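Student: Below you'll find the structure I mean.
What follows draws every value from the coordinates through simple rules; no lab data is involved. Owing to the predicted nature of the structure, the values given are computational and were not obtained by experimental measurement. Positions of Cβ are backbone-derived with ideal geometry, glycine not excepted, and every protein chain shown enters the neighbour counts.
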Amino acid sequence: MRTFVSELRRRNVIRAGAFYAASAWLVVQIATQVFPFFDVPTWTVRWIVVAAVAGFPCLLAFAWFYEITPQGLKRESDVDRTESITRRTGRKLDRWIIAVLLVAIVLLGANQLVQRRDGAPAESAAPQKSIAVLPFTDLSPAHDQEYFSDGMAEELLNALAKLKDLKVAGRTSSFSFKGRNEDLRAVGKTLGVANILEGSLRKQGDQVRITAQLIQVSDGFHLWSDTYDGDLSDVFALQERIARAIADKLDIVLKGGADERIVPVATTSAQAYEAYFKATDIFNRRDGAHFGEAIAALERAIELDPKAARLHSRLAAILAIGPTYMPGLAAADAFARAEEHARIASELDPRLAEPYGALSTVYIYSRRFVDALDASMRAKEIDPDDTTSALWRATTLTVLGYRKDGNAALDRLLAIDPKLPTALLWRGVNYAYTGDTINAERLLKGAAQQKLAFAGLGLSFVAAARHESDEAIRQLSTSFKSLDTNLPQDAPEVLAAGILGDEAARARGLDFVHRYLEGKPAVVSGVLVYSMIRMGDAARALAVVQDAQTSNDAVFMSLMWSPYGADLRKLPEFPAFARRLGFTAVWDKYGPPDDCRRAAPGEYTCQ
């Protein structure tokens with residue numbers, strides 16, 4: 001063995017291999033950082049890596065059999081070792097290897113800093129005062145109380161999140177581990193927490209038994225566990241006892257002292273609370289097919305306890321997004337009722353952020369943009385960590401042209417709840433707009449893994465960047481079907497192909513648009529307007545939007561502020577369009593958006 005190693009050194013195979021490996025690593029680092037700026041598809045980086053790996057054994061074999069001399073390339077057996085250029089310049093070559101490695105390491109470090117700045121996950125020690133609340137297991141005899149066990153865990157999560165100095169993983173991220181039985185150390189690492197609360201719930205009639213245990217992630221040590229028995233009227237007392245035990249074990253100092261209540265009493269009616277859990281389960285899953293049930297359940301709950309602020313708040317939230325997810329729900333009626341219940345909720349409990357988040361969504365859909373941003377900012381003032389209103393604030397900022405502020409809000413939200421699917425989609429799409437397909441793919445795949453039905457809206461950009469047109473069309477058409485269930489059956493494929501296919505497909509797509517608009521629909525599909533902009537029919541898109549209500553303004557309004565909306569923003573009619581829709585009013589109050597400059601009050605020039 002020693003003789004073989006000595007022979008490798010004599011023939012300079014080790015030195016040549018080290019130089020090749022260092023150079024290949026440097027090339028990969030440069031490609032990884034530079035290619036996204038020129039929209040070079042990410043598959044090219046993969047092929048560079050494959051080529052580098054495949055070339056390594058070839059280089060070693062070459063170095064074994066051949067040598068470079070002043071007279072050129074010769075077989076190693078024919079070379080006098082004193083003539084070897086590699087041998088003469090060995091020390092210089094060693095210095096080159098070291099220099100190349102240092103440059104590659106610097107580039108790698110810079111890449112890590114950029115990823116951390118842009119919201120990519122970074123390895124760091126979880127603070128000791130941090131916790132994730134996993135969904136409780138339903139141990140009820142019929143196993144039909146999952147919504148209740150999930151609701152109990154979520155209530156504890158929300159209450160703990162209000163405690164000062166305690167980091168609590170977001171609900172979506174924690175609940176993504178539901179039923180997966182994964183190693184708690186891996187769960188803690190993924191969620192960035194040092195402790196995990198898990199438990200079970202058994203409900204039979206009015207009787208409830210809750211078992212909870214607090215586990216230290218680093219070694220799996222059970223810091224605390226206990227079992228609580230009671231009936232539905234005792235639910236808040238049981239939650240309070242669990243929350244206090246956790247606060248004691250993690251040495252959390254309560255701002256109001258020992259008498260401060262951690263878990264607020266949501267309602268005085270056990271039946272109303274159960275209805276709240278059912279409605280919340282539907283709301284969290286965005287299960288539009290059952291939105292009617294959720295609305296009816298909350299209305300019955302409010303009859304039982306009309307003074308329960310959170311019942312009104314959750315009803316306002318469901319009604320605010322109801323027209324998007326529930327075909328047949330009249331937008332005007334839903335929005336009016338959402339406003340009413342948001343107002344009641346805020347009057348009953350001014351500490352709730354969700355009602356203002358719901359109002360911001362209603363106002364965006366109603367094109368009351370100043371009111372929308374006012375409501376979003378009020379929600380932030382009340383509770384910046386409320387994920388529901390924080391998501392709506394981020395999307396409101398993006399829709400109004402404040403892309404940088406919207407991205408910053410999304411990054412902060414994903415730091416709290418890194419698996420929140422809609423936030424992953426919006427941030428991923430914004431990465432795709434800038435040509436950063438690496439980060440775009442990372443986030444958008446996360447959204448797809450969380451079963452977001454329209455994640456393909458973003459993944460289509462990634463596929464298109466790789467010149468995978470069939471996959472891009474499939475992803476986009478699937479998303480169109482989810483975003484607008486009222487479109488004709490063949491419309492999603494025709495529109496997606498018109499956007500991403502050849503000129504003939506584009507002509508078919510535009511012909512479909514023309515025939516659709518000839519029917520003078522009362523509500524124009526937001527997907528259709530999005531498609532018009534992507535297919536280059538921006539002028540007609542503006543005319544349609546300013547004269548008609550659409551099924552989903554957010555689908556295309558965020559596109560208006562992307563590179564795909566550049567031609568639209570430069571149209572001579574765009575300034576009048578911005579004034580008519582109310583964009584300029586919000587810009588006058590909050591400042592111009594990223595791509596526009598103010599010429600005078602109500603007058604903006606956009607690029």
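Student: Enumerate the amide H contacts of Y604 below 5 Å, restricted to partners 5 or more residues apart or on another chain; note that Pro and chain-start residues carry no placed amide H.
Tutor: Counting only residues 5 or more places away or on other chains, the set is A599.
Student: Full extension from T268 to E347: what is 0.36 nm times the residue separation minus their Cα-Cα distance, to one decimal in nm?
Tutor: 26.7 nm
Student: Could you point to the residue in L510, G458, A497 farthest towards the positive end of region 416-528's charge dipole, with +1 and -1 charges on the Cβ of Lys/Arg and Asp/Glu respectively?
Tutor: G458
Student: While we're here: In the structure displayed, which of K129/K278; K178/K278; K167/K380; K189/K445; K419/K451; K419/K445 lie more than 22 Å apart, Cα to Cα?
Tutor: Over 22 Å Cα-Cα: K129/K278.
Student: Please work out how much length the chain gains when fully extended from H143 to D248, using 0.36 nm per residue of separation minus the C-alpha to C-alpha distance, in nm with one decimal.
Tutor: 34.6 nm
Student: Sticking with this structure for a sec: Could you order the peptides 222-232, 168-178 from most to least packed, using the average number of other C-beta atoms within 10 Å per residue?
Tutor: Top of the packing list down: 168-178, 222-232.
Student: A further question on this structure: First measure r as the distance between the Cβ atoms of R261 and D411, then evaluate 1/(1 + (r/R0)^6) with R0 = 51 Å and state the FRET efficiency to the nearest 0.05.
Tutor: Once the sixth-power term is evaluated, E becomes 0.95.
Student: Could you run the Debye sum over the Cα atoms of region 352-480, one equal point scatterer each and no solvent, and tell me log10 of I(q)/I(0) at q = 0.13, 0.19 Å⁻¹, two decimals?
Tutor: Relative scattering, expressed as log10 I(q)/I(0), comes to -0.53, -1.00.
Student: When only alpha-carbon atoms count, how far does region 338-410 stretch along each of its three principal axes, as whole angstroms with the largest first?
Tutor: On the principal axes, region 338-410 reaches 35, 26, 14 Å in Cα extent.
Student: Would you mind putting 545-556, 386-397 in packing order, based on average other-beta-carbon counts within 10 Å, highest first?
Tutor: Taking the mean over residues of other Cβ atoms within 10 Å, the ranking is 386-397, 545-556.
Student: In sequence order, what are the phi-derived ³J(HN,Hα) couplings for region 399-405 according to the Karplus relation 6.51 cos²θ - 1.76 cosθ + 1.60 with θ = phi - 60°, rounded to whole Hz, with x for glycine and proline?
Tutor: 4, 8, x, 8, 4, 4, 5
Student: Two-decimal Rg/Rh of region 130-265 from alpha-carbon positions, Kirkwood Rh?
Tutor: Taking Rg over the Kirkwood Rh, I get 0.94.
Student: By the scheme Lys and Arg +1, Asp and Glu -1, what is the net charge of all other residues having a beta-carbon under 12 Å from that of R506?
Tutor: In short, -2.
Student: In debye to the nearest 20, how big a dipole does region 369-528 give about its Cα centre with +1 on each Lys and Arg Cβ and -1 on each Asp and Glu Cβ?
Tutor: 120 debye
Student: Separate question: What is the sum of charges, Lys and Arg at +1 and Asp and Glu at -1, for the other residues whose Cβ falls under 12 Å from the Cβ of D374?
Tutor: +3
Student: Let's see if you can work this out: charge +1 on each Lys and Arg Cβ, -1 on each Asp and Glu Cβ, no other charges. What is the dipole magnitude of region 204-328 about its Cα centre, in debye to the nearest 20?
Tutor: 400 debye
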